[in-house]
Amino acid sequence: MTNRFAVDLAPYKIEVVQGNFISREQVQALKAGMSRQQVRDLMGTPLLASVFHADRWDYIFTLRRQGVAPQSRRLTVYFQGDVLTRFEGDDMPTEAEFITQLNPRMKTGKPVLLEASEESLSKFPAQKLPASDPAAAAPLPPVYPPLEAAPAR
């Protein structure tokens with residue numbers, strides 16, 4: 001007896017995502033003169049921050065998927081003291097391009113605009129909010145209770 005159907009079985013390989021995904025929009029928002037904290041707020045914590053290279057942060061992102069060549073992107077930012085002086089790295093995808101890469105079956109196109117015009121808002125009756133009286137608000141306690149129990153003595 002012969003098999004009519006040949007099946008190529010392979011074990012499932014999980015997608016491995018490591019590092020910080022940095023989008024083109026984030027890179028465009030980087031400006032020389034930003035502080036370290038501003039860069040961290042925008043880009044996240046760097047994957048590599050070395051004591052030997054205190055004025056350099058490396059953002060590295062790798063993605064390994066079954067049946068697709070591994071992708072790796074890198075962005076390096078340089079500081080002088082607490083001030084961003086320059087940055088360099090790979091060409092980054094936009095957020096939409098990256099999402100499409102992760103799920104190619106996902107529809108591409110413009111995002112839906114979630115905005116109400118004055119004309120569409122005028123169709124709804126205006127609601128009056130109760131006036132807040134600051135004197136009617138409960139006074140705050142003079143001392144707040146401790147967050148942790150006092151240690152036993």
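Quick note: the coordinates plus some simple rules give every number you see, no bench work behind them. From a predicted model like this one, the values you see are computed outputs, not experimental measurements. With ideal geometry, Cβ positions are generated from the backbone for all residues, glycine too; neighbour counts draw on all protein chains shown.
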Once D82 and Q127 are pulled to full extension, the length gained, defined as 0.36 nm per residue separation minus their Cα-Cα distance, is 11.3 nm
Under the Karplus relation with 6.51, -1.76 and 1.60 and θ = phi - 60°, whole-Hz ³J(HN,Hα) for segment 44-59, x at Gly and Pro, equal x, 6, x, 5, 10, 9, 9, 5, 7, 10, 5, 9, 9, 10, 10, 9
Total charge of the residues flanking E95 in space, meaning their Cβ is under 12 Å from its Cβ, with Lys and Arg +1 and Asp and Glu -1, is -1
In nm, the gap between the two label points placed 7 Å beyond Cα toward Cβ at A29 and V16 is 3.0
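Under unit Cβ charges (Lys, Arg +1; Asp, Glu -1), what dipole magnitude, rounded to 20 debye, does segment 16-102 have relative to its Cα centre?
160
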Here the FRET efficiency for R36 versus T100, based on Cβ atoms and R0 = 41 Å and rounded to 0.05, is 0.80
Computed over segment 16-102, the distribution of all Cα-Cα distances in 5 Å bins, rounded to whole %, is 3, 14, 25, 25, 15, 9, 6, 2, 0
Restricting to Cα pairs under 8 Å and 6 or more apart, the percent relative contact order of segment 16-102 works out to 32
